[in-house]
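The values are calculated or read from the model by the stated rules, or taken from the named source; none is laboratory data. No experiment lies behind these values; they were computed from the predicted model shown. Cβ: placed from backbone, ideal geometry, glycine included. Neighbour counts: every protein chain shown. The protein model used for the area step is the full one, side chains on, heavy atoms only, and it has no ligands, DNA or RNA in it. Shrake-Rupley method; radii C 1.70, N 1.55, O 1.52, S 1.80 Å.
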Amino acid sequence: MDLKLRVWRQKNRDAEGRLVEYDAKDIDPEMSFLEMLDVINERLVAAGDDPIAFDHDCREGICGACSATINGIPHGPQRATTVCQLHMRHFKDGDVLTIEPFRAKAFPVVRDLVVDRSAFDRIIEAGGFVSVRTGSAPEANTLPVPKQDADWAMDAASCIGCGACVAACKNASAMLFVAAKAGHLNTLPQGKPEKDRRVLSMVAAMDEAGFGNCTNQYECSAVCPKSISEDFIAQLNRDYLKASLKKCLMG
Amino acid sequence: MKLDSKIPSGPLAEKWTRYRSEIKLVNPANKRKYEIIVVGSGLAGAAAAASMGEMGYNVKCFCYQDSPRRAHSIAAQGGINAAKNYQNDGDSIHRLFYDTIKGGDFRAREANVHRLAEVSAEIIDQCAAQGVPFAREYGGHLANRSFGGAQVSRTFYARGQTGQQLLLGAYSALCRQIAAGTVKMYPRTEMLDLVLVDGHAKGIVVRDMVTGEISCHAADAVALGTGGYANVYDLSTNARGCNVTAAYRAYKRGALFANPCYTQIHPTCIPVSGDYQSKLTLMSESLRNDGRVWVPKKKGDTRKPHEIPEDERDYYLERKYPSYGNLAPRDISSRSAKEVCDEGRGVGPGGQGVYLDFSDSIERLGLAVIQERYGNLFEMYERITGEDAYKVPMRIYPALHYTMGGLWVDYNLMSNIPGLHVIGEANFSDHGANRLGASALMQGLADGYFVLPYTIGAYLADVRGKRPSVDQKEFQDVKKEVEEQTNRLVSIQGDRTVQSFHKELGKLMWDKAGMARNKKGLEEAIAKIPEIREEFWKNVRVPGSGEELNQELEKAGRLADFLEFGELLCRDALDRQESCGGHFREEHQTEDGEALRDDENYSYVSCWEHRGDNEKPALHKEPLVYEEVKMATRSYK
Amino acid sequence: MQNFARLFRSSLGKKYVMAVSGLILLLFVIGHLVGNLQIFAHPDVINAYAHFLQNLGPGLWAVRLILLITLVAHVWAAVELTLENKRARPETYRQDDTIQASYASRTMRISGFIVLAFLIFHLAHYTLQVVDTEYQEMYTTLADGTEVHDVHAMMVKGFQSVWISLFYLVGVGLLSWHLRHGFASMFQSIGLRNATIAQTLEKTAIGFAIIYFLGNALIPIAVLAGWVS
């Protein structure tokens, strides 16, 4: 099939970007979206042009590296799917695809579709961990975890850190990411001792990074490749309120 | 060259405990004076960087991904083994040790494997304490599943994302140390060479993948946790970025490369759909429990699967291995698939695939049972192929998955270059010729959390205060070489893309040194690879410059090393005239096509020494001495 | 105190302000509607009710002050959040789309802004009585002989103008629209929403918005139709 691509090209962080049109001819519907970009890039290189830079690695939907917004939807039209797992059979011959990077102030464009998501790392550094020294852990079964809690924590922990939630939110809010990360650890008994400290510092790091505020529209959950529920946002709102009030009233 | 594996004396079961209490320690006040470079942030790298940072060392950690959380350990699905005996089914450290040695076809080092089994239980404790959401039973205790190659149920798991959850645990520990200032993280930074000072590994040269800046980093010791080399085959289940460069550069600086021919092939992957294919996706082997493997009897049969009558189907695994049938071991079933495809009976686009048919099981057990057992796998298959495997048979084909070979290390996980430590898949140490399912995660974390942080002290305690400056000639010389290579790559401006060369190399490797190897094919490959290499250096086209984010340049640099490494792999495969584990030599098989090992002549670790570009490498042998275990034939009867 | 300041400066803190102030305002508009619906009873009923409210003295001013503070907090938080949100995505998508965000949720700023304008007009109209100064002279006597403002007559007079009625319909329409998202959103912001109640909450929000709108719309319609005079 033949498609028309409008791809965001931006040389580097400080350069001006713009949409550039490319003809994508003879695309096999069995290709993945990134394989389609590979093919376009091979043609660009052969023609002496710069290929389109995009992040990708595992190409099986788990590493969270790939990131592109297709016709306004991060990771494209198929639900619960990263762009590396999206296949061209979901498009029609003659479609025009606008391909842009994940856009947010906290995710500056590095080149073309590649963005800098290190803000997520800084949020984890602020408190997305359990402080346990290597080798000092107690026997694993001495701390039973109700299956329900373990499953709930696992739902949150399946976040792949791709940033689609930020890209989809009209306010570029990182609430779903932070909520999933905090919710995972706050739910488990192992994470309880640091719960208040964790939510306060992770939210502070999120605000610091320049993300916007939650809209309560749940576009984030809708685009999330792992379908992480907005219920975790409610959980974070609750936990943050409790932690803040405790801090306000008891110091 | 004398290879000292430094295995401690004493009974096997006491070696590690005893050694650990005798190992040299670095005074806590002195630890902060040491700098350690860790390259790679997967399970091994992240765990080691976090643990050593926590102990008080100054750690610098490098990864090529945009975040350490994305290292390819993340893609492991199945689980992690540990000798906990939670199921009360008679598991023990000894059993895990023995299963791993046997699974490795008696080509691994006894003492290392025993240590691995010993620390396996601690890993689970550590990860559970970090908040890894392992599957639980209703009573709140950890759940287990069984996995291939073991008669006990000892695999811990977190849905189908065990690798991701364990990596996120290690990454969270790493982040905690980054915040504490003991680890400095360098994402999007690729190691391009190793720097030796007076024969010791004292630093690395890296390229900042965003700005293109090439810089030097000095340290007291270097640890490589840079993963395996399956991408030498171009198509594999590895992430696109996985590469051999760090390990290969160390090899070129004098580190020995051990057993490169030990590669593991996974029988149930989604087949290639066209020549644009960039990646192969693995599906759990458990599918073979209820699926029947078949191909048409007739060559080039293009009918749809349901149009082929029963008597025109060849259920070749059931035919050839009546007792094991569709559950024949990984290597056997992989090779059989290749055989029937080579005969021209393969199915699907390109004829590189066989059917895995669930219709009998659906009829026997009902759709609901199959859905419950494999629903997520069928969904994954549907996502990629667009086919509904409840209605039409799945198509599967084997793919490169894991590499057991790696840089040679001693018991301290230090290579023959003093100061250079190698951990995780990047070393050769624990899996012998074949790795058991759910053991890769175990080894990565064992090396990172519980072995290297102790054993590195044995080296550091002896080299007090000798950290060189990056201004020294040794660093500047290597930096210059790296810059020259980069400039050379962007200045060729030939006609062919990097990927076209990678595809060519990959196809050659897969055909000649893939699932089954023979002398003639390997010799052809050894003759052909230098030709591809020469053509590459004359005719590759790398657009742009070295001073910017340039993904073609990154790929070209990695491929340049694969183009040399592939030859080394073939040479090792040629030398090893036996079949063992993941290495199958067609000349060495039993009448029923099973691997024929030669313990008398080949029970050694092949250690290859670089002797200059386009020179034949030298082979050194570390004999495998088994104190406790008796070598036996791996039998599937 | 410092901790409180930090809480209200944080992104979540401002969302709490939105939610809590929104809740207070919501309760107020419900009460206000119930009061107004007394227009369908004998004129004395609503006139007595209005008289009662106006004679609360300090109580009236306390309520007014609380409402004013709440309103200011709601608007302040909205403005702050909006500015931050604008800053969070300096470069916008050239082609934008959404999957499931309701239209009401995407128009909160616009609906909120117009409702604010409507509110000012409404206060000028009935409370300050500067839109139609004749209101200041409209008095009547209750059955017990008390002289009171003839609120009933004021309402009838106001809504006999088609333009004013239309403006009221648009105003309360947008307010209902605004409450449709705000109602469910409030629960989420303070952490009381989850998948189990989400559907019910959403339906309740829509149901509430419709009833609220119809209740309000009934008054000008009834006046225009001559059911109330």
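Here are the numbers:
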{"read-out": "Subset tally (residues that are open to solvent by 50 Å² or more (accessible area, probe 1.4 Å), more than 7 Å from chain B (Cβ to nearest Cβ) and of a type in the set (Asp, Glu)) for the stretch A:93-147", "value": "1"}
{"read-out": "Residue among B:Gly566, B:Gly581 that alone is under 18 Å from the mean Cα position of the chain (by Cα) and at positive phi", "value": "B:Gly581"}
{"read-out": "Criterion: free of Cβ contacts under 8 Å to residues at least 40 places away in the same chain and open to solvent by less than 10 Å² (accessible area, probe 1.4 Å) - qualifying residue of B:Ala389, B:Ala426, B:Ala399", "value": "B:Ala389"}
{"read-out": "Complete set of residues in the stretch B:160-201 that are free of Cβ contacts under 8 Å to residues at least 40 places away in the same chain and out of contact with any helix residue (DSSP H, G or I) (no Cβ under 8 Å at 6 or more places or on another chain)", "value": "B:Gly181, B:Asp198"}
{"read-out": "Residues satisfying the stated conditions in the stretch C:66-98, i.e. of a type outside the set (D, E, K, R), in a helix (DSSP H, G or I) and more than 28 Å from the chain's Cα centre (by Cα)", "value": "C:Ala88"}
{"read-out": "Subset of the stretch B:166-201 [open to solvent by less than 10 Å² (accessible area, probe 1.4 Å) and among the charged types (D, E, K, R)]", "value": "B:Asp193"}
{"read-out": "Cross-chain or 6+ apart pairs with Cβ under 7 Å, the stretch B:350-378 first and not assigned by TED's automatic domain parsing to the domain that holds B:Asp290, then surrounded by fewer than 16 Cβ atoms within 10 Å (Cβ to Cβ) and charged (D, E, K, R)", "value": "none"}
{"read-out": "C:Leu27, sole failed condition from (1) within 11 Å of another protein chain (Cβ to nearest Cβ); (2) open to solvent by 50 Å² or more (accessible area, probe 1.4 Å); (3) out of contact with any strand residue (DSSP E or B) (no Cβ under 9 Å at 6 or more places or on another chain)", "value": "(1)"}
{"read-out": "Unmet criterion (only one of (1) part of a helix (DSSP H, G or I); (2) open to solvent by 60 Å² or more (accessible area, probe 1.4 Å); (3) not acidic (Asp, Glu)) for C:Val156", "value": "(2)"}
{"read-out": "Unique residue being touching a Leu at 6+ places or on another chain (Cβ under 6 Å) and surrounded by 21 or more Cβ atoms within 10 Å (Cβ to Cβ) when the list is B:Val222, B:Val232", "value": "B:Val222"}
{"read-out": "Options B:Lys503, B:Lys512, B:Lys507: the member that is touching a Gly at 6+ places or on another chain (Cβ under 7 Å), touching a residue at least 12 places away in the same chain (Cβ under 8 Å) and within 23 Å of B:Val540 (Cβ to Cβ)", "value": "B:Lys512"}
{"read-out": "Any hit, the stretch C:216-227, residues being closer than 25 Å to C:Val20 by Cβ and of a type in the set (A, V, I, L, M, F, W, C)", "value": "no"}
{"read-out": "Residues of the stretch B:541-574 satisfying the condition of being open to solvent by less than 10 Å² (accessible area, probe 1.4 Å), farther than 21 Å from B:Met191 by Cα and of a type in the set (Asp, Glu)", "value": "B:Asp572"}
{"read-out": "Residue in the stretch B:409-421 that is open to solvent by less than 20 Å² (accessible area, probe 1.4 Å), among the aliphatic types (A, V, I, L, M) and either under 20 Å from B:Ser284 (Cβ atoms) or within 14 Å of another protein chain (Cβ to nearest Cβ) (or both) present", "value": "no"}
{"read-out": "Qualifying positions in the stretch B:421-454 - in contact with a strand residue (DSSP E or B) (Cβ under 7 Å, 6 or more places away or on another chain) and among the polar types (S, T, N, Q)", "value": "B:Asn427, B:Asn434, B:Ser439"}
{"read-out": "Of residues in the stretch B:164-220 being over 24 Å from the mean Cα position of the chain (by Cα) and of a type in the set (Asp, Glu), the one farthest from the other protein chains (Cβ to nearest Cβ)", "value": "B:Asp198"}
{"read-out": "Residue in the stretch B:33-87 that is least open to solvent (accessible area, probe 1.4 Å), counting only those that are in contact with a His (Cβ under 7 Å, 6 or more places away or on another chain) and over 27 Å from B:Arg145 (Cβ atoms)", "value": "B:Ile37"}
{"read-out": "All positions within the stretch C:122-145 that are over 23 Å from the mean Cα position of the chain (by Cα) and in a loop (DSSP other than H, G, I, E, B)", "value": "C:Met138, C:Leu142, C:Ala143, C:Asp144, C:Gly145"}
{"read-out": "Cβ-Cβ under 6 Å pairs, at least 6 apart or on other chains, the stretch B:593-607 side on the phi < 0 side of the Ramachandran plot, far side β-branched (Val, Ile, Thr)", "value": "B:Leu596/B:Thr590"}
{"read-out": "Checklist (1) over 28 Å from A:Leu113 (Cβ atoms); (2) within 11 Å of chain C (Cβ to nearest Cβ) applied to A:Glu194, failing item", "value": "(2)"}
{"read-out": "Near pairs, Cβ below 7 angstrom, 6+ apart or cross-chain, from the stretch C:140-167 (within 20 Å of C:Tyr49 (Cα to Cα)) to any residue that is of a type in the set (D, E, K, R) and surrounded by fewer than 15 Cβ atoms within 10 Å (Cβ to Cβ)", "value": "C:Thr141/C:Glu147"}
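This table checks each residue for (1) in the same structural domain as B:Gln577 (by TED's automatic domain parsing); (2) open to solvent by 40 Å² or more (accessible area, probe 1.4 Å); (3) closer than 22 Å to B:Phe428 by Cβ; (4) outside any loop (DSSP other than H, G, I, E, B).
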residue: B:Gly593; (1), (2), (3), (4): yes, no, no, no
residue: B:Arg597; (1), (2), (3), (4): yes, yes, yes, no
residue: B:Asn601; (1), (2), (3), (4): yes, yes, yes, yes
residue: B:Cys607; (1), (2), (3), (4): yes, no, yes, yes
residue: B:Asp613; (1), (2), (3), (4): yes, yes, no, no
residue: B:Leu619; (1), (2), (3), (4): yes, yes, yes, yes
residue: B:Lys630; (1), (2), (3), (4): no, yes, no, no
